[in-house]
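The values are calculated or read from the model by the stated rules, or taken from the named source; none is laboratory data. On a predicted model such as this, the values are computed, not experimentally measured, just so you know. Glycine gets a Cβ as well: all are built from the backbone with ideal geometry, and neighbour counts include every protein chain shown. These area figures cover heavy atoms from the full protein model, side chains too; ligands, DNA and RNA do not enter into them. Shrake-Rupley method; radii C 1.70, N 1.55, O 1.52, S 1.80 Å.
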Amino acid sequence: MLSATSTSAPTSAPTIPPEDYARFCDFFYRKTGILFGANKSYFVERRLQERMASTRSESFRDYFTMVRFQASGEEMQSLVNAMTVNETYFYREDYQFDALVQHLLPEIARTRRPSDPIRLWSMPCSTGEEPYSIAMQILENWSQADEYSVEILASDIDSRVIAEARQGLYSARALHRLSPALRNRYFTAIGENFRICAELRGSIDFSVVNVTEPLAMRRFRHLDVIFCRNMLIYFDDTSRRQAVEALYESLRPGGYICLGHSESMSRISSMFRPRKFGATILYQRPVDND
C-alpha cells in the first residue's frame, strides 16, 4: 500500500521551480497512473531532492532530463521506488482469504480438470505478505489443495519491495496476526526477525510490473482471481478506469477481482458483476454467455 511519509532532504539540494514541479507530476502520472495532490507536494519534493542529491544533478531540469531519457531506465525505477512506501502485514483483510478457500476455489475447481492450472495474482504485492498469506490460507484451509496446480503470481511497481519479498524476511510486527502454529510451521527465527520457509519462497512468481503499461500486462492473462487491494485509491478517475480495464482483460471469463475494503467497483466500472459471499463483496468478470 502506498503512503506518504516525509523524510528530511539534504539542505544543499537544488530547489524545484513550481512550473517544473507541475511538469514532473504530469509526467509521473502518465507513467504510473499515480496522481499527487497538493497535500503531497512536501513529500514529493523531498523525495525528488533526495534523488537529485544521490545522482549529483546540478539542477532539477538536469535530473528530469536524465529520468526521461536514460536508456536503461534505472533512475526512473529508483524514483518510483522512492515515491512508493509499502506497509502491510500477514493476513490483512483475511475475510477475503476465507472467501477464496470457502467459495471461489471450490467454484473454480468444478470447471477444471486437476491438470488445469488455477492462477491467482497479487497486485500490488508490496513486500510479499499478501501472496504468502494466500499460499498459507490455501495449504491450511482448502481440502483440494493437493489435487490442483495452483499458481500464485505477485507483482509490484517497486523493484525494491519485490527483492524483499523474494528474501522473505519479516519483523515480528508483520507476523502479529499469525497464530503460533502458523508461525512455527512456516517461519524460522533469525535473530529478531522471521524468514518464511524455502518451499513457499520458491512457490511464488514475483515480478516488477506497472499496470498502466500494456506491454507489461500482456504476460498476465487467463487469471482466475486478482487481489488488487488499496492500489486504485491512488489513481484519478481516468487512470482507475484504464487500470480496471487492463485487469478485466487479465481475467478469465468468470474470474474474480478483490478490492480493498474502502474501494468499490461500482464507482469505477460497470464491466464487473458484484458477488456477495457472506459479508464479503467481490467482483466477477461475467462469463461470455451471461
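Data overview
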{"read-out": "On Cα atoms only, tilt of 237-250 relative to the major axis of the chain in degrees", "value": "40"}
{"read-out": "Overall Cα dimensions of the stretch 31-89, principal axis frame, Å, largest first", "value": "35, 23, 20"}
{"read-out": "Heavy-atom SASA rank of H103, H176 (probe 1.4 Å, accessible area, largest first)", "value": "H176, H103"}
{"read-out": "Rounded accessible area per residue of the chain, 1.4 Å, Å²", "value": "49"}
{"read-out": "Quotient of Cα Rg and 2.2 N^0.38 Å for the chain, N being how many residues it contains", "value": "1.07"}
{"read-out": "Extreme residue, positive dipole direction of the chain, given options A38, T127, S264 (C-beta unit charges)", "value": "S264"}
{"read-out": "Alpha-carbon centroids, the stretch 21-39 and the stretch 146-177: separation in whole Å", "value": "28"}
{"read-out": "Carbon and sulfur %, accessible surface of the chain computed with the full protein complex present, 1.4 Å", "value": "48"}
{"read-out": "For the stretch 205-290, average projected area of the Cα convex hull in nm²", "value": "6.1"}
{"read-out": "Protection-proxy order for peptides 264-270, 201-207, each taking the mean of Cβ atoms within 10 Å per residue, highest first", "value": "201-207, 264-270"}
{"read-out": "Estimated distance in nm for a label pair at S262 and R166, the labels positioned 7 Å out from Cα along Cα-to-Cβ", "value": "3.2"}
{"read-out": "Accessible surface of F235 - all protein chains present, 1.4 Å probe, nearest 10 Å²", "value": "10"}
{"read-out": "At 1.002 mPa s and 20 °C, Stokes D of the stretch 86-238 from Kirkwood alpha-carbon radius, µm² per second", "value": "132"}
{"read-out": "The chain: calculated mean residue ellipticity at 222 nm from DSSP helix runs of at least 4, using -39500 (n - 2.57)", "value": "-11000 deg cm²/dmol"}
{"read-out": "Highest average packing first - 146-152, 70-76, 158-164, Cβ atoms within 10 Å", "value": "158-164, 146-152, 70-76"}
{"read-out": "With Cα atoms, 0 to 90° folded angle of helix 18-32 axis to the chain main axis", "value": "20"}
{"read-out": "Degrees separating the helix 60-69 axis from the principal Cα axis of the chain, which is the longest one", "value": "40"}
{"read-out": "Mean shadow area of the stretch 184-246 over all directions, Cα convex hull, nm²", "value": "6.6"}
{"read-out": "Debye, to nearest 20: dipole size of the chain, +1 on Lys, Arg Cβ, -1 on Asp, Glu Cβ", "value": "140"}
